[in-house]
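Asker: Sending over a structure as structure tokens; questions will come in a sec.
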Amino acid sequence: MVVSVTHALEHMRHTIGGGELSVGLDKMGILNQAGEFLVNMHPWRWLVGASALIDLRGVVSASTATWTAATLTLTDTAAFADYTFAAGDTLEIKSGTGATTGFYAVASRTDDDSVVLESTISSADLATGDIEYRLAPNSVLLPSNFRDIIHISASNSLLYGVRLTTLGQIQENRTSQLEVTSSWNYQAAVNYAGSPPVARLEIWPDPTANTSGAFTIFYRAGWTWLSGDSVMVEIPEFIDSLFLRLVRYFTRGYEREDVIDMGQMLTSVMNSPEFVMAAKRDGNTQPYVGPLRGGGAMMGRRSTSGNHGGFYLVNTVGPPS
């Protein structure tokens, strides 16, 4: 059975006795909350496998900008034509007549000629055209349905490399005295920015130019938001009964919170036959992932006789404990 939103709404009405939900309760919101709980309750394999190409955004810098105080707008003709805005971007004002130097959060990109900052660099307009700035988009945008990274690599491993690290290490690298003007080996860490917060990948060093599809990621997707009665719920069929149980429990939890505790019902789902069987089915999708690698199985001794000169296993390796 493939579950539609219409079918899920019927379960919502059925679980409270056939009537409509109380005024003020958002039916679609409840369905999506049930879906979010579903995808977060287990590291499902059916959510793994989405892939995406990740673009790098290059540094924008010049010394010919002007400032409009009333709209917090920095203007430089055609300077931002290749710039793609992302929440969390920061622009550094380095110098300029009447300008206060420092780092400023970028609120938006207006067009090819201008960006809007979140705070002012001067209470007066600055029209001299000598403001020097540097906008280093040292993060990359992740897919809108991103949940967590499974694997990341450079799309062209002959030219680039990338490895995941911590946000602390990224910060240490950015604040060091070492300035890297070009790179073939990047470091990256997932962060959140914006309102509402969205996932992005902080990277170091700063890319020097826009690069399309520089990285390739496999990732675990999150919940696909439901927005209309006619759409289908994007889950595999062996998850149907589990999802519908969650829909019923979320509905009852909101509609009858004075007589039944939603937390207790959701806890019972974690031990339910629907969840146990669905998790087992999901985990058996690929029970074999190849031979053991690393450790004793990869250890060998170079032959001291003959001309083979190769490695071979010198003893038996037992199974995992």
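Asker: Can you give me the number of residues within the stretch 103-126 that are under 15 Å from Thr64 (Cα atoms), part of a loop (DSSP other than H, G, I, E, B) and among the hydroxyl-bearing types (Ser, Thr, Tyr)?
Answerer: Looking only at that region, the number is 0.
Asker: List every residue pair whose Cβ atoms sit under 7 Å apart, with the two residues 6 or more apart in sequence or on different chains, where the first one lies in the stretch 261-277 and is at negative phi and the second, anywhere, is aliphatic (A, V, I, L, M) and in a helix (DSSP H, G or I).
Answerer: Val269/Leu246; Glu274/Leu242; Phe275/Leu242; Phe275/Val269
Asker: For Glu234, indicate whether it is within 21 Å of the chain's Cα centre (by Cα) and in contact (Cβ under 8 Å) with a residue 60 or more places away in the chain.
Answerer: Criteria not met by Glu234.
Asker: Here's another thing I want to ask about it. Pull up the stretch 232-257, narrow it to residues that are outside any helix (DSSP H, G or I) and at pLDDT 90 or above, then point me to the one that is farthest from Phe37 (Cα to Cα).
Answerer: The qualifying residue farthest from Phe37 (Cα to Cα) is Met232.
Asker: Can you name every residue in the stretch 85-100 that is polar (S, T, N, Q) and either surrounded by 14 or more Cβ atoms within 10 Å (Cβ to Cβ) or over 17 Å from Glu118 (Cα atoms) (or both)?
Answerer: If the condition is that a residue be polar (S, T, N, Q) and either surrounded by 14 or more Cβ atoms within 10 Å (Cβ to Cβ) or over 17 Å from Glu118 (Cα atoms) (or both), then Thr90, Ser95, Thr97 are the ones that fit.
Asker: Could I ask something else about it? Yes or no: the stretch 145-164 includes at least one residue that is among the hydroxyl-bearing types (Ser, Thr, Tyr), touching a residue at least 40 places away in the same chain (Cβ under 8 Å) and under 16 Å from Thr75 (Cβ atoms).
Answerer: No, the stretch 145-164 contains no residue that is among the hydroxyl-bearing types (Ser, Thr, Tyr), touching a residue at least 40 places away in the same chain (Cβ under 8 Å) and under 16 Å from Thr75 (Cβ atoms).
Asker: Within the stretch 184-216, count every residue that is touching a residue at least 60 places away in the same chain (Cβ under 8 Å), assigned to a strand (DSSP E or B), surrounded by 18 or more Cβ atoms within 10 Å (Cβ to Cβ) and not basic (Lys, Arg).
Answerer: Matching residues across the stretch 184-216 total 7.
To keep it simple, each residue is scored yes or no on (1) modelled with pLDDT of 85 or more; (2) under 22 Å from the mean Cα position of the chain (by Cα); (3) within 17 Å of Val59 (Cβ to Cβ).
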| site | (1), (2), (3) |
| --- | --- |
| Ala154 | yes, yes, no |
| Leu158 | no, no, no |
| Val162 | yes, yes, no |
| Thr165 | yes, yes, no |
| Gln171 | yes, yes, no |
| Ser176 | no, no, no |
| Thr181 | no, no, yes |
| Trp184 | no, no, yes |
| Ala189 | yes, yes, no |
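The values are calculated or read from the model by the stated rules, or taken from the named source; none is laboratory data. Predicted model, so just to flag it, every value in this text is computed and none were measured. Using ideal geometry, Cβ is built from the backbone for each residue, glycine included, and neighbour counts are taken over all protein chains shown.
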